[in-house]
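**Student:** I have a structure here, written as structure tokens, and I will follow up with some questions on it.
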Amino acid sequence: MRYMILIKANDESEADVPPSMDLVEAMGKYNDELNKAGALLAAEGLRASSHGALVRFTPQGTSVIDGPFTETKELIAGFWLIEVKSKDEAIEWARRVPRDPARPDAVYDIEVRRVFDEDFDPATAAVRRLTEGK
């Protein structure tokens with residue numbers, strides 16, 4: 001099963017404040033652990049919403065809203081895509097995401113979401129076959 005571990009944005013990530021070198025080092029070690037376990041499929045940090053845009057679809061058509069966006073608590077600052085055997089295993093990996101040693105009192109929200117897999121949704125399997133040419 002594939003899961004996404006999503007790190008929610010905060011005021012610092014939305015201000016484009018780079019993570020401390022201690023956190024960068026800890027994240028590197030965490031990514032290495034995921035990789036050695038054969039669970040890591042992808043991992044990336046995301047720039048602040050000021051570098052992005054929202055494309056909104058309505059019955060009247062589409063519109064583009066440039067960032068930044070005001071609802072920081074609903075934004076994502078980074079993610080890991082992992083392959084594990086269960087939701088519990090995904091949660092255990094999420095519990096191990098390093099905290100920033102420079103900010104011991106900071107509150108972080110990390111969301112764990114299952115990705116639609118072939119065994120979960122036949123429509124997703126059909127789309128995957130089309131895009132992969134199978």
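Where a number appears in this text, it was derived from the coordinates with a stated rule and is not lab data. Remember, it's a predicted structure, so these values are computed and weren't measured experimentally. In this analysis, Cβ positions are derived from the backbone assuming ideal geometry, glycine residues included, and neighbour counts consider all displayed protein chains.
**Student:** Separation between the Lys36 and Glu12 pseudo-spin-labels, each 7 Å from Cα along Cα→Cβ, expressed in nm?
**Tutor:** Between Lys36 and Glu12, the label points sit 2.6 nm apart.
**Student:** Sorting check: for 5-14, 102-111, which peptide has the highest mean count of neighbouring beta carbons within 10 Å, and how do the rest follow?
**Tutor:** Those peptides, ordered most packed to least, come out 5-14, 102-111.
**Student:** So what is the relative contact order for the chain, in percent, with contacts set as C-alpha pairs under 8 Å and at least six apart?
**Tutor:** 42 percent
**Student:** List the residues, sorted by chain then number, that are 5 or more residues from Gly78 or on another chain and whose placed amide H is less than 5 Å from its amide H.
**Tutor:** Excluding prolines and chain starts, which carry no amide H, the hits are Ile7, Leu46.
**Student:** At 222 nm, what value in deg cm²/dmol follows for the chain if DSSP H runs of at least 4 each add -39500 (n - 2.57) and the sum is divided by all its residues, to the nearest 500?
**Tutor:** The helix contribution divided over the chain gives -9000 deg cm²/dmol.
**Student:** Something else now. With viscosity set to 1.002 mPa s and temperature to 20 °C, compute the Stokes-Einstein D of the chain, Rh being the Kirkwood radius across alpha carbon pairs; µm²/s, no decimals.
**Tutor:** For the chosen part, D equals 127 µm²/s.
**Student:** Label Asp109 and Glu92 with points 7 Å out from Cα along Cα→Cβ: what is the distance between them in nm?
**Tutor:** 2.7 nm
**Student:** Exactly which GluC sites (Glu not before Pro) in the stretch 39-106 are in a DSSP loop and have at most 12 other Cβ atoms within 10 Å?
**Tutor:** Loop-located and lightly packed - Glu71.
**Student:** Subtract the Cα-Cα distance of Ser20 and Asp66 from 0.36 nm times their separation in residues, and report this length gain in nm to one decimal.
**Tutor:** Gain on stretching Ser20 to Asp66: 13.8 nm.
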